[in-house]
1. Treat each spin label as a single point 7 Å out from the Cα along the C-beta direction, and report the residue 21 to residue 90 distance in nm.
2. If I model a spin label as a point 7 Å beyond the Cα along the Cα-Cβ vector, how far apart are those points for residue 4 and residue 148 in nm?
3. Give me the angle, in degrees from 0 to 90, between the Cα long axis of helix 80-93 and the longest principal axis of the Cα atoms of the chain, rounded to the nearest 10.
4. For the pair residue 28/residue 123, report the inter-label distance in nm, with labels modelled 7 Å from Cα in the Cβ direction.
5. Any idea what the relative contact order of the range 31-166 is, in percent, if you count C-alpha pairs under 8 Å spaced at least 6 apart?
6. What number, rounded to the nearest 500 deg cm²/dmol, is the helix-based mean residue ellipticity at 222 nm of the chain, given -39500 (n - 2.57) per DSSP H run of at least four residues and division by all its residues?
7. How large is the Kirkwood hydrodynamic radius of the chain, counting all unique pairs of alpha carbons, in Å?
8. Picking from 79, 70, 46, which is most flexible by a Gaussian network model of the chain using Cα springs under 10 Å?
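Every number in this text was worked out from the coordinates using simple rules, so none of it is lab data. Computed from a prediction, not measured in an experiment: that's the story for all the values here. Using ideal geometry, Cβ is built from the backbone for each residue, glycine included, and neighbour counts are taken over all protein chains shown.
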């Protein structure tokens with residue numbers, strides 16, 4: 001791994017921990033038993049532009065942040081970010097656009113979170129509708145934020161020279 005990628009990974013991991021810890025009270029949507037913290041997927045989504053390894057590390061950091069704030073169930077759901085980040089980064093390495101990678105990973109993200117909560121005793125409605133559909137909507141909102149940030153990075157010349165194209 002290049003030291004530049006390590007720095008990007010460290011910064012994005014710090015953000016993935018900071019967002020739920022510092023901003024959770026302001027950015028959290030809570031519809032019991034589902035919760036979503038706006039922008040919490042943005043670091044792992046941006047990490048897709050660096051590499052699969054960095055995306056995995058940022059996904060682990062995201063789970064750690066949620067473990068501190070919301071406990072093991074939400075942290076287990078956040079571990080799905082590891083797979084989502086890896087798949088998205090892999091797709092980008094295969095010359096898929098950032099937007100395409102975000103679109104393809106949305107159902108993977110939602111299904112992953114549903115599969116995490118079903119064995120924990122969540123009712124079918126709660127798992128599939130609240131968590132599944134909620135995750136799809138949350139992924140979509142964070143994808144829009146991520147695309148806007150990636151666009152800004154591209155305008156600044158950072159995306160062209162250091163990261164994969166968006």
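1. 3.0
2. 2.7
3. 30
4. 2.2
5. This gives 29 percent for the range 31-166.
6. Numbers: 8 runs with 118 residues, N = 166.
The helix contribution divided over the chain gives -23000 deg cm²/dmol.
7. One decimal place: 15.6 Å for the Kirkwood radius.
8. 70
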